Amino acid sequence: MTLHIFDTVEALSQAAAVLIAAKVLEKPDCVLGLATGSTPVPTYEKLIEMNRAGAIDFSRVTTYNLDEYCRLPEEHEQSYHRFMKDHLFDHINICPENTHVPDGNAADPDAEGIAYDAAIAAAGGIDLQLLGIGRNGHIAFNEPCDRFIWHCHAVKLAESTIQANKRFFDSEDQVPRMALSLGIGSIMAARQVLLLATGEEKAEAVKALVTGDVTPMVPASILRHHPNTVILCDKAAASLL
Ligand code: PGA
């Protein structure tokens, strides 16, 4: 695990975008695992700038997103389908058919999870997985739990996640309680993991990830066993290290 600490979110986001761009340049038909949330937004802005400047070409890139809320229409302004279009896909030359987000409205979430994992495997696995981290140490919607859940699965969101995400909705009761999330297995199978953490509200989770025990109570801690994980933190997120 490699940890880099940046003075500013701007510098961190530039570094993250350069690492992603380097992967696309090295392997133009790579498979990227993508994340939603506030943290990667400035990184996506940098990637859009690079694409507009002709520095990177997404035309052969395939993407798989980490998660999606259950029972929220795809066109809802807080769905992760919509987030990805608004913050990245609509602004770069990626083929929409090469972009994938789990179907949170699938009639059978278990079957959707199995199909999503199978699609990632059939695409050759994830070359680079971008991750944020929850205040409670979650990655994707793998919430603190008594065991690591390996496969794509439906999950009940932790109360702290509902509290963190209510800022995006008009009221707390509009926040979906369930999501479909990639499991720890697909994340651990990614050839490279790039985890971004910004802001002091992530400091406890970063400390637990970097210095605590590997435990499903801090799902991100499993990354200590991943052979190629890069963590980029700003000073605030690294303040307890
Ligand atoms: P955030 O979410 O980037 O909005 O803080 C990260 C996460 O919950 O994984």
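A few remarks follow.
- The residues of segment 175-203 that are touching a residue at least 60 places away in the same chain (Cβ under 8 Å), away from the ligand (no atom under 13 Å from the Cβ) and assigned to a helix (DSSP H, G or I), listed by number, are Gly185, Ser186, Ala189.
- Those residues of segment 106-148 which are closer than 24 Å to Leu72 by Cα, surrounded by 17 or more Cβ atoms within 10 Å (Cβ to Cβ) and more than 16 Å from the ligand (Cβ to nearest atom), in sequence order: Ala106, Pro109, Glu112, Gly113, Tyr116, Asp117, Ile120
- Test result for Arg71, more than 16 Å from the ligand (Cβ to nearest atom) and on the phi > 0 side of the Ramachandran plot: yes
- The sole residue among Thr215, Thr198, Thr161 that is farther than 21 Å from Asp103 by Cα and surrounded by 20 or more Cβ atoms within 10 Å (Cβ to Cβ) is Thr198.
- Filtered by the rule that a residue be within 16 Å of the ligand (Cβ to nearest atom), outside any helix (DSSP H, G or I) and not hydroxyl-bearing (Ser, Thr, Tyr), segment 7-54 gives Gly33, Leu34, Ala35, Gly37, Pro40.
Computed from the coordinates by the stated procedures, all read-outs in this text should not be read as laboratory data. These figures come from a predicted structure and were not determined experimentally. Because the Cβ atoms are built from the backbone with ideal geometry, glycine has one as well, and the counts that use them run over all protein chains shown.
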